[in-house]
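Report on the structure given below.
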Amino acid sequence: MASKRRRPKDVTQLHGHHVVTGPELRATFAEDELVNKTRFRRRLLHGIVLVLLVGLIAAGAVGAWAIMNGVVKVPTAIASKAPTSLCPATTFDYVPNETVTLNVFNATSRAGLAGTVADQFKARGFKVASVDNSDTAYSGVGVVVSGVKGQAAAFNIQRNIAGTDYFEDNREDESVDVILTPDFEGLVEPQLVDQTPGMLECPREDLRIADNAKWPIIPTRPPGQ
């Protein structure tokens with residue numbers, strides 16, 4: 001009687017359960033390792049991005065603090081433009097002293113200075129209308145102020161007091177104000193006064209910054225004038 005053949009035993013099955021083979025196990029570990037590497041790369045990338053963002057925020061905060069405290073100067077549209085001059089560009093002839101009506105104001109601590117200088121101008125033929133004190137905070141040699149009609153007369157005054165700064169106001173007559181400030185030392189000697197044509201001088205323009213809002217306040221006459 002022939003023997004009954006048995007079916008080959010399936011080594012991948014044990015009691016109805018699949019037995020993991022060596023190749024399958026190695027493939028599983030390989031997949032896990034690939035997944036772990038991918039996760040690590042993602043975390044590393046996220047970490048780098050986070051560090052960069054924190055750095056940018058910190059740099060922005062430091063930059064904002066520096067700008068607000070003046071440590072860093074940011075160029076503006078105004079600063080990029082050539083400063084606009086407020087000094088008249090007209091060339092004036094030296095008008096006769098007798099045609100100039102002058103107001104003299106003392107903004108120094110030297111008592112009687114306005115009266116002394118007014119007398120000196122009178123001796124040169126000028127017409128002195130007012131003599132008084134002024135509380136202007138402008139420093140320097142002195143300030144010469146006039147309206148448009150008085151600019152030729154103001155040019156004359158600047159030639160008699162060297163180093164003064166010219167300002168234009170809204171007056172409609174030809175009168176000129178002279179405000180004597182702390183650096184004033186005296187009039188130019190009569191024989192040394194330059195009477196050739198020239199322009200009004202505004203020395204403050206060489207010292208100012210580009211922002212027109214920072215111009216010195218135009219001096220005005222004392223109260224009641």
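Rundown of residues vs (1) at pLDDT below 95; (2) of a type in the set (Asp, Glu); (3) over 22 Å from Glu201 (Cβ atoms), yes/no style:
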| site | (1), (2), (3) |
| --- | --- |
| Ser85 | yes, no, no |
| Pro88 | yes, no, no |
| Tyr94 | no, no, no |
| Leu102 | no, no, no |
| Gln120 | no, no, no |
| Asp132 | yes, yes, yes |
| Gly142 | yes, no, no |
| Gln151 | no, no, no |
| Phe155 | no, no, no |
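Across the range 191-225, the number of residues qualifying as assigned to a loop (DSSP other than H, G, I, E, B), closer than 17 Å to Ser146 by Cβ, open to solvent by 70 Å² or more (accessible area, probe 1.4 Å) and at pLDDT 90 or above comes to 1. From the set of residues in the range 127-150 that are open to solvent by less than 10 Å² (accessible area, probe 1.4 Å) and hydrophobic (A, V, I, L, M, F, W, C), which is farthest from Thr181 (Cα to Cα)? By that ranking, first place goes to Val145.
Scanning the range 54-68 for residues that are open to solvent by 90 Å² or more (accessible area, probe 1.4 Å) and not β-branched (Val, Ile, Thr) yields Leu56, Trp65, Met68. Looking only at residues in the range 132-155 that are more than 22 Å from Pro96 (Cβ to Cβ) and of a type in the set (Ser, Thr, Tyr), the one that is farthest from the chain's Cα centre (by Cα) is Ser134. So for the range 111-124 (the condition being assigned to a loop (DSSP other than H, G, I, E, B) and in contact with an Asp or Glu (Cβ under 6 Å, 6 or more places away or on another chain)), does at least one residue qualify? No, there is no match, as no residue in the range 111-124 is assigned to a loop (DSSP other than H, G, I, E, B) and in contact with an Asp or Glu (Cβ under 6 Å, 6 or more places away or on another chain). Within the range 85-111, being among the aliphatic types (A, V, I, L, M) and either within 35 Å of the chain's Cα centre (by Cα) or buried (at least 16 other Cβ atoms within 10 Å of the Cβ) (or both) holds for Leu86, Ala89, Val100, Leu102, Val104, Ala107. Scan the range 135-150 for residues that are assigned to a strand (DSSP E or B) and in contact with an Asp or Glu (Cβ under 6 Å, 6 or more places away or on another chain) and the total you get is 2. Being open to solvent by 10 Å² or more (accessible area, probe 1.4 Å) and over 32 Å from the mean Cα position of the chain (by Cα) is the filter here, so list the residues in the range 156-190 that pass it. Those that are open to solvent by 10 Å² or more (accessible area, probe 1.4 Å) and over 32 Å from the mean Cα position of the chain (by Cα): Arg159, Glu172, Asp173, Glu174, Ser175, Glu185, Gly186, Leu187, Val188, Glu189, Pro190. Within the range 136-164, the set of residues being of a type outside the set (A, V, I, L, M), in contact (Cβ under 8 Å) with a residue 40 or more places away in the chain and more than 15 Å from Arg124 (Cα to Cα) comprises Thr136, Tyr138, Ser139, Gly140, Gly142, Gln151, Phe155, Gly163. The single residue among Ala114, Ala118, Ala153 that is crowded, with 16+ Cβ neighbours inside 10 Å and closer than 17 Å to Asp93 by Cα turns out to be Ala153.
The values are calculated or read from the model by the stated rules, or taken from the named source; none is laboratory data. As the structure is a prediction and not an experimental result, all values here were calculated from the model. Here Cβ is always computed from backbone atoms with ideal geometry, including for glycine, and neighbour counts include all displayed protein chains. Accessible surface areas use protein heavy atoms only, side chains included; no ligands, DNA or RNA. Shrake-Rupley method; radii C 1.70, N 1.55, O 1.52, S 1.80 Å.
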